[in-house]
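Since the structure comes first, as structure tokens, the remarks are kept for the end.
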Amino acid sequence: MPGTIAHLNKARRVDRAIAGVVRPRKRMHKKTKPRRGDRDDCAPSPAGLGMIVGVETQVESAKGISPNPARLIPPAFPGCGTVLDDQGSYLVDSISRPGGVPVAWLLTSHCCDKISRQYRSASQAVKLNRNVGFSTHDQRIVRNSLSALIIDRISRTSMPHLQSVRIQRFKRIEDAVFDLQPLNVLVGANNSGKSSVIQALHFTVGVIQTLRLTESRRSASTLNPSQLIYSPTESVYPLGAGGRLLEDRDQAISVKLELDTGEYCTVSIRKGRNRNINVTVDHPSVAESISDLSKPFTIFSPGLAGISKNEQYVSDGVLLRTLARGDANLVLRNILLRLWGKPEWHTFIHDLREVFPDCDIQVKWEDNTDEFIDVSYVNEGKSVPIELAGTGALQAMQILSYIHRFGPSLIVLDEPDSHLHPNNQRLLCGLLRTIAEERDTQVVLTTHSRHVVDALSGAVRFLWVRNGTVEVASEDDEVGVLLDIGALDVRERVNSIDARAIVLTEDTNHRLLEILLKANCFDTDHTLVLPYHGVTAIRNLRPLLQVIRSSNAEATIVVHRDRDFLDEDEARGWEESVRRIRVEPMLTHGTDVESHFLNPDYLAANNPDLSSDEFDELLCNLRRDNRSELIQTYVNGKLDIARSNGTFGRTNIGQLAAEAAESIDRNPKKLAHGKTLLRRLRESFRITHGKNLVLADGDQNLLHDEFQVIARKAFPVRT
């Protein structure tokens with residue numbers, strides 16, 4: 001039957017294309033003549049034949065035909081298992097029924113959710129197209145039957161994913177338990193343990209892979225640290241709790257990986273004898289399922305710091321070990337060479353252009369003549385050697401080449417946004433979402449970028465790392481706002497002391513504020529001052545208050561704000577808005593905290609070289625000599641207030657400048673900028689007297705009635 005032989009030829013071409021030999025033709029003509037020898041060597045693969053017999057049996061049953069599984073039926077998906085395993089993008093477009101009647105199929109996306117995620121970059125899912133001799137009901141039966149078979153094939157061949165993780169006694173992590181979703185973002189302050197979490201994940205998988213390479217199948221093994229594929233430090237011993245890896249089993253590093261299959265394995269690492277380490281795996285068969293180095297379960301990208309000027313070809317073994325160590329920048333050209341000319345190359349370039357729209361990559365390598373791999377980066381028609389591409393482009397190439405070449409279950413990224421423009425950060429986030437949702441690859445990344453948080457909000461799980469623990473951040477936490485004002489460490493700092501008063505301020509240097517608080521009866525041993533940018537804005541204050549109150553519900557929360565150049569109505573309005581959210585407003589009497597220290601009596605008490613009258617005269621002279629600078633500061637301050645209030649467009653700048661001089665001359669002590677004046681006073685005093693100006697604690701000249709009222713609320717007198 002010519003039709004049958006033609007489709008067997010198609011099966012052969014697709015199988016060869018999947019193996020990287022030839023690309024299949026897009027269409028199959030009915031009149032294709034068989035070539036000599038085709039009948040002998042084109043038998044379908046057992047997996048493909050078994051699958052299509054199952055489909056064909058369903059179809060025949062639906063049409064009242066007695067199924068005959070023994071009949072040789074050409075496979076609709078000749079290399080179906082291979083296509084699904086390798087995420088190929090080939091069209092397998094026909095099936096021959098007995099008698100040569102073709103039924104056209106396309107791999108499309110509406111077949112099922114699993115295939116939709118894994119094959120959107122392919123020709124899309126399973127769809128009957130202009131079928132001959134089949135009713136709509138029959139088509140539905142064929143589609144559902146084939147879907148079930150493909151889903152079964154995927155479930156038996158795809159790699160598992162992480163459901164949850166527990167990390168114990170690894171670096172500064174004492175005990176952290178957390179679940180994972182397709183896309184997960186770790187946020188936290190510096191030194192909170194974010195990098196330790198992702199290092200622990202990759203380190204554990206690296207230990208499992210090392211056990212496989214050393215052909216150790218036992219539940220307990222001994223390894224030399226030099227055998228480890230990956231370690232975040234030169235020596236493995238500082239990875240233990242408190243920086244020491246001990247022999248005690250109860251002090252061993254322990255990482256439990258629970259898979260989405262319901263299986264789990266716990267890997268324990270402790271110090272052994274003779275400078276070795278002892279590794280225990282409680283479920284070796286589960287560990288075996290994620291140990292294949294050629295199909296890495298996890299790939300770690302710790303960031304890219306540029307690449308070498310040239311790169312020699314390395315074997316697959318060297319390449320895989322280098323990747324496992326997190327040194328992809330050393331073999332980026334080798335990874336691109338492995339992708340070049342493969343079906344995955346086109347989807348790789350497509351995804352790269354989602355971030356850098358006008359880019360292209362050219363790879364040249366002749367194994368018989370070339371010493372180095374030649375890779376060029378093309379952007380907007382201009383070609384440069386790849387080492388001259390921007391660091392952001394190299395970062396994106398590295399991440400995407402990992403995914404398209406190896407298809408890992410989990411990719412771990414340490415601040416992938418660090419070298420990208422905010423616009424490209426948002427594009428990268430969109431791409432990572434697509435990867436997590438459609439490529440069946442979990443993503444775990446760390447970030448300090450507000451742009452990343454905003455771009456991923458509502459679609460990912462934010463994991464908040466604090467003091468070596470991991471918690472799920474709720475929507476109410478407003479991680480983006482806290483990140484913007486630098487307050488991701490707020491919970492750790494609130495828990496650091498038994499605070500009865502928590503004072504929020506925008507002043508990064510809060511030494512003078514602390515002196516002022518102490519002078520006004522605040523118990524400084526139980527007062528915590530937290531400086532955060534933008535904290536005086538109500539929209540920023542709300543999420544911060546929620547975190548503080550969840551950690552210390554009893555403390556009195558105070559917000560300090562420099563009065564700057566607010567008029568009375570503006571000052572009163574801000575105080576009322578703060579009180580409505582149950583916070584005590586602390587508004588300075590003058591323009592800022594420093595203005596409280598420009599008191600002649602206070603200065604004379606702490607600096608006996610000058611009397612109170614002499615300090616008063618000195619301050620008057622400084623205000624006069626620096627009048628222009630004080631007027632300029634006044635105008636800029638008023639404009640800042642107008643911007644924050646949304647009234648800048650209606651501000652008459654000329655009139656404001658004219659009013660500034662009159663206002664300062666009329667009320668110089670209150671409107672003169674304290675920071676400016678104190679800086680000039682320090683300079684004058686040091687030049688005149690050869691010593692520094694002293695601003696000491698505990699002087700009654702710093703007393704302020706409103707501040708003392710707040711102190712009595714936080715520290716009531718106990719009778």
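Any read-out appearing in this document is the output of simple, stated calculations on the displayed coordinates, not a laboratory observation. Being a predicted model, the structure only gives us computed values, none of them experimental. Ideal geometry is used to build each Cβ from the backbone, glycine not excepted, and the neighbour counts take in all protein chains shown.
Results, tabulated for the structure shown:
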item: Semi-axis lengths, Å, the range 474-595, gyration tensor of Cα atoms, sqrt of 5 times eigenvalues; result: 22, 18, 13
item: Size of charge dipole - the range 474-595 - debye, nearest 20, with Cβ of Lys, Arg +1 and Asp, Glu -1, no other charges; result: 320
item: Nitroxide proxy distance, nm - points 7 Å out along Cα→Cβ at SER294 and ASP327; result: 2.3
item: Positive-end extreme of charge dipole, the range 598-694 - chosen from ASN621, ALA661, ALA605 (charges on Cβ); result: ALA661
item: Dipole in debye (nearest 20) - the range 598-694, about Cα centre, beta carbon charges: Lys, Arg +1; Asp, Glu -1; result: 460
item: Listed residues LEU513, GLY573, VAL529: farthest to the positive end of the dipole of the range 474-595 (Cβ charges); result: VAL529
item: Table column - 3J(HN,Hα) (Hz), the range 656-667, Karplus curve with 6.51, -1.76, 1.60, x for Gly and Pro; result: 4, 5, 5, 6, 4, 4, 5, 5, 5, 5, 6, 9
item: Amide H partners (placed H, <5 Å) of TYR264, local residues excluded; result: LEU259
item: When the range 597-638 is reduced to its Cα atoms, the Kirkwood hydrodynamic radius in Å; result: 11.3
item: Label point distance in nm, ARG650-GLN700, each placed 7 Å from Cα along Cα→Cβ; result: 4.8
item: ASN224-VAL177 FRET efficiency (beta carbon distance; Förster radius 35 Å; 0.05 resolution); result: 0.70
item: Alpha-carbon centroids, the range 629-651 and the range 681-719: separation in whole Å; result: 29
item: Residue-wise HN-Hα coupling along the range 251-265, computed from phi with Karplus coefficients 6.51, -1.76, 1.60 (Hz; x: Gly, Pro); result: 10, 6, 5, 9, 10, 9, 10, 9, 8, 6, 7, x, 7, 8, 9
item: Dipole of the range 184-312 [Lys/Arg +1, Asp/Glu -1 at C-beta], most positive-end residue of PHE297, SER308, SER195; result: SER308
item: Extended-chain gain in nm, criterion 0.36 nm per residue less alpha-carbon gap, ASP370 and ALA657; result: 96.2 nm
item: Ranked packing of 555-566, 498-509, most packed first, by mean Cβ within 10 Å; result: 555-566, 498-509
item: FRET efficiency estimate (nearest 0.05) - Cβ-Cβ, SER383 to GLN546, R0 56 angstrom; result: 0.60
item: Label-point separation, ARG643 to ASP316 (7 Å along Cα→Cβ), nm; result: 5.8
item: Over 19 Å between alpha carbons, listed pairs LYS171/LYS256; LYS256/LYS295; LYS309/LYS342; result: LYS256/LYS295; LYS309/LYS342
item: Neighbour net charge for LEU293 - beta-carbon separation under 10 angstrom, K R +1, D E -1; result: +1
item: Burial order of peptide ranges 515-525, 654-664, 395-405 (average beta-carbon count within 10 Å, highest first); result: 395-405, 515-525, 654-664
item: Sequence-distant residues sharing a close amide H with ILE361 (under 5 Å, placed H); result: VAL378
item: The range 373-410 versus the range 270-343: alpha-carbon centroid distance in Å; result: 18
item: Efficiency of FRET from Cβ geometry, SER577 and GLN708, R₀ 22 Å, rounded to 0.05; result: 0.45
item: Tail beyond 28 Å, pair distance distribution of the range 387-542 (Cα, percent); result: 37
item: Karplus-derived 3J(HN,Hα), 6.51/-1.76/1.60, for each residue of the range 165-178, Hz, glycine and proline x; result: 9, 10, 10, 10, 6, 10, 6, 8, 8, 7, 7, 10, 10, 7
